[in-house]
1. Quick one: which residue in 64, 31 is of a type in the set (Val, Ile, Thr) and open to solvent by less than 100 Å² (accessible area, probe 1.4 Å)?
2. Could you say whether any residue in region 22-35 is modelled with pLDDT of 85 or more and touching a Lys or Arg at 6+ places or on another chain (Cβ under 9 Å)?
3. Of all residues in region 42-53, which are of a type in the set (A, V, I, L, M) and either exposed (fewer than 11 other Cβ atoms within 10 Å of the Cβ) or farther than 17 Å from residue 23 by Cα (or both)?
4. The conditions are (1) β-branched (Val, Ile, Thr); (2) part of a loop (DSSP other than H, G, I, E, B); (3) in contact with a strand residue (DSSP E or B) (Cβ under 6 Å, 6 or more places away or on another chain), and residue 50 fails exactly one of them. Which is it?
5. Regarding residue 94, is this residue part of a helix (DSSP H, G or I) and under 30 Å from residue 33 (Cα atoms)?
Amino acid sequence: MKNVEEQTDSAVLLDDQAVSTYLRQNPDFFIRNARQVEQMMVPHPVRGSVSLVEWHMARQRNHIQQLEEEITLLMEQATANHQLFDRLLSLQGHSGHCR
């Protein structure tokens with residue numbers, strides 16, 4: 001059994017950065033511990049808590065929504081650029097007739 005000093009040392013060494021570093025250095029952690037991952041709960045501001053899988057899926061959905069909004073904006077900009085290009089060609093065609 002660990003004494004209080006050893007427990008304190010472990011608590012100090014295991015902070016957010018240490019956990020994050022460990023997970024980056026061990027990318028197969030979630031594969032090796034799939035059952036535990038499925039049972040992990042993450043605090044949720046509205047629902048109290050959600051599974052880690054639900055939390056990850058929600059983050060992915062939000063990211064996809066942001067990307068879709070960016071694509072929509074890019075398509076709108078591309079349409080506006082195309083219209084400007086067509087107008088420029090039209091003006092160049094008119095100025096060529098004036099010579």
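1. Working: 31 fails: open to solvent by less than 100 Å² (accessible area, probe 1.4 Å).
Answer to the check: 64.
2. Yes, region 22-35 contains a residue that is modelled with pLDDT of 85 or more and touching a Lys or Arg at 6+ places or on another chain (Cβ under 9 Å).
3. Here is the first cut: in region 42-53, the residues of a type in the set (A, V, I, L, M) are 42, 46, 50, 52-53.
Scanning region 42-53 gives 46, 50.
4. Among (1) β-branched (Val, Ile, Thr); (2) part of a loop (DSSP other than H, G, I, E, B); (3) in contact with a strand residue (DSSP E or B) (Cβ under 6 Å, 6 or more places away or on another chain), residue 50 violates only (2).
5. Numbers: part of a helix (DSSP H, G or I): yes; under 30 Å from residue 33 (Cα atoms): no.
Taking the combined requirement at face value, the residue does not satisfy it.
The values are calculated or read from the model by the stated rules, or taken from the named source; none is laboratory data. This is a predicted model, so every value here is computed, not measured. Counting neighbours? That spans all protein chains shown, and the Cβs are built from the backbone with ideal geometry, glycine included. Protein only, heavy atoms only, side chains kept; ligands, DNA and RNA dropped before computing areas. Shrake-Rupley method; radii C 1.70, N 1.55, O 1.52, S 1.80 Å.
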